[in-house]
Structures are given as C-alpha cells and as structure tokens.
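The block underneath contains the structure these notes are about, expressed in structure tokens.
Each value in this text was obtained by applying a stated rule to the coordinates, not by laboratory testing. Values in this document were obtained by computation on a predicted structure and should not be read as measured data. Note that each Cβ is placed from the backbone with ideal geometry, even for glycine, and that neighbours are counted across all protein chains shown.
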Amino acid sequence: MRARVYPLRQRGRHTPRTEHPDGIEGDLTMQSMLQGTEMRTVARLCACTGRRAELLPPLQSPELVALGNGAMLLRGFQSHDGASYVQEWRCVLE
C-alpha cells in the first residue's frame, strides 16, 4: 500500500520530527520469511518505481502499536553496524 513514513527514532532514540518533515513516500509491505529455522516478519518501504529499491532499512518484527485517522504506528527493530535498535514508523496511508 502507498504510504508516507516518518521514522521516529535514530539508533533507538527519539528524533525531532523535523528530521524527516515531509516523510518518505513509497510502497509499504509486510512479509514473512524463513531465516534458518525461524519465521521472521519484516516491514519494508520501497520506491514506487519499477526497481523496488528500499527507501529505509527493513523494520524487523514489526508490531502495530496504534491505528487511527488514516495512519498507523509500527514498532520494531532495525539493524545498523551489527547492532539492533528499536525503531518506530508513523505511517500515513495515501
């Protein structure tokens, strides 16, 4: 689904909303995939073009935290330099 995503954290810490004032627009998808013997769920924001390039690092183990007024809040984990950090995405559906 098309959405505008506002990442709310950087390396696990809340960031000012001005960091991405216009959000990042793309196709928001969720998928489950097998990693070794475990099933993992991942949310991805990809470009709307034919190349399907990722616009943000994938959100691992996303959970729906809040829903309303054409928007939702997802919370999960993102990896950076071998470490995982809590990340939240405010997703405004278009």
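Report, by residue number, each residue of the stretch 22-42 that is surrounded by 11 or more Cβ atoms within 10 Å (Cβ to Cβ) and in a strand (DSSP E or B). If the condition is that a residue be surrounded by 11 or more Cβ atoms within 10 Å (Cβ to Cβ) and in a strand (DSSP E or B), then ILE24, GLU25, GLY26, ASP27, LEU28, THR29, MET30, ARG40, THR41, VAL42 are the ones that fit. Looking across LEU67, LEU56, LEU73, one residue alone is of a type in the set (A, V, I, L, M, F, W, C) and assigned to a loop (DSSP other than H, G, I, E, B). It is LEU56. Of everything in the stretch 43-71 that is over 14 Å from ILE24 (Cβ atoms) and among the charged types (D, E, K, R), the residue that is surrounded by the fewest Cβ atoms within 10 Å (Cβ to Cβ) is ARG51.
Each residue in the stretch 1-21 was checked for being of a type in the set (S, T, N, Q) and loosely packed, with under 13 Cβ neighbours inside 10 Å, and 1 of them qualify.
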